[in-house]
1. Could you say whether any residue in the stretch 256-279 is in a helix (DSSP H, G or I), under 24 Å from the mean Cα position of the chain (by Cα) and more than 26 Å from residue 156 (Cα to Cα)?
2. Could you run through the stretch 333-355 and say how many residues are closer than 17 Å to residue 289 by Cα, surrounded by 13 or more Cβ atoms within 10 Å (Cβ to Cβ) and within 23 Å of the chain's Cα centre (by Cα)?
3. Determine whether the stretch 120-130 contains at least one residue that is assigned to a helix (DSSP H, G or I) and under 30 Å from residue 363 (Cβ atoms).
4. In the stretch 292-299, is there at least one residue being at pLDDT below 95, crowded, with 19+ Cβ neighbours inside 10 Å, in the same structural domain as residue 206 (by TED's automatic domain parsing) and closer than 16 Å to residue 381 by Cβ?
5. If you check residue 8 against the conditions, is it more than 24 Å from the chain's Cα centre (by Cα), farther than 21 Å from residue 181 by Cα and loosely packed, with under 14 Cβ neighbours inside 10 Å?
6. Is it true that residue 356 is in a helix (DSSP H, G or I) and at pLDDT 95 or above?
7. Restricting to the stretch 258-286, name every residue that is over 21 Å from residue 353 (Cα atoms) and surrounded by fewer than 24 Cβ atoms within 10 Å (Cβ to Cβ).
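The values are calculated or read from the model by the stated rules, or taken from the named source; none is laboratory data. Predicted model only: the values in this text are computed from it and were never measured. When we count neighbours, we look across all protein chains shown, and the Cβ atoms used for this are built from the backbone with ideal geometry, even at glycine.
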């Protein structure tokens, strides 16, 4: 680290089994008296919502619920949630669920205190005013949204994902209870866990990485790679669930400050046009983008093998780096994630327009360890197909 770096994260973080019981206390510390809970139908059906509303009732805090968040939410979901929030005159927001619910909660919080439409704020540091006090409670070990200043929406008109990036999207509190993730189905554990691993790998290999982000990214890679198989195969293993949630959290520390790279740029067209879930889209593109990027920083890619704990002593650096990519593919097979786009019925003729869409992710490609052209993008999609 040869120059000053800025490191930002959520100011108050609670991580621990049973920590959800503190939600009433945390809300009161933010002067919350009438709370707006943003979540999705699955959280309601699973009974997890009651784990939040129960302590709120005990603390005599009133609340309203918006439970219509969808996977990879459209812009219109923000409008629906915001209208209900304004009608109810709420003074604070709780986001409960996976990354989609947390992102909608972030956006509703800031839009409650800023004029115009959400589309006015796509981009970096465009939001002028802080939002309502916000608490985020992740129920997957995946996005790290609880410690990032980013929220992503689907623009169906353009078949693209678009982001709002602002320091005002950091919540006041992140509350992480691994016990909330114990009931996750294996497929969700796999896709969200791969998403967290990708955050760590991309932060580690970003050209904006520094000593601080490397520390968190490397540890996150160790935690997630070392526990995802157990969490997938034996979901009731509380230690594996704890390690996965901690790994997702600190991967969030890393990529919120170093940025993610081309894997996310390539995943967005898959989600925007073909509605492939975000974690799955990222995972399918990961090994193919890694093979392209490896030449950009062979030392870092070789270090990933060491974070994985692979037996790579006495191998040449390139062999060590390639071993990490092979290990990623083996992991994907173990947790039943497709390695090729054709398995998801993505048409081969869509490759040119997907490549054009990926190249529009300039914010992400600017972090990439290797320069990329449109022709490169098309070739990566062809190899992924």
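1. From the stretch 256-279, those in a helix (DSSP H, G or I) are 256-258, 262-274, 278-279; that's our starting set.
From what is left, the residues that are under 24 Å from the mean Cα position of the chain (by Cα) are 256-258, 262-274, 278-279.
If we keep only those that are more than 26 Å from residue 156 (Cα to Cα) as well, we get 257-258.
Yes, some residue in the stretch 256-279 is in a helix (DSSP H, G or I), under 24 Å from the mean Cα position of the chain (by Cα) and more than 26 Å from residue 156 (Cα to Cα).
2. Residues that pass the stated criteria total 6.
3. From the stretch 120-130, those assigned to a helix (DSSP H, G or I) are 120-121; that's our starting set.
Then drop every residue that is not under 30 Å from residue 363 (Cβ atoms), which leaves 120-121.
Looking through the stretch 120-130, at least one residue is assigned to a helix (DSSP H, G or I) and under 30 Å from residue 363 (Cβ atoms).
4. No, that holds for no residue.
5. Details: more than 24 Å from the chain's Cα centre (by Cα): no; farther than 21 Å from residue 181 by Cα: yes; loosely packed, with under 14 Cβ neighbours inside 10 Å: yes.
Taking the combined requirement at face value, the residue does not satisfy it.
6. Numbers: in a helix (DSSP H, G or I): yes; at pLDDT 95 or above: no.
In short, no.
7. Matches in the stretch 258-286: 259 only.
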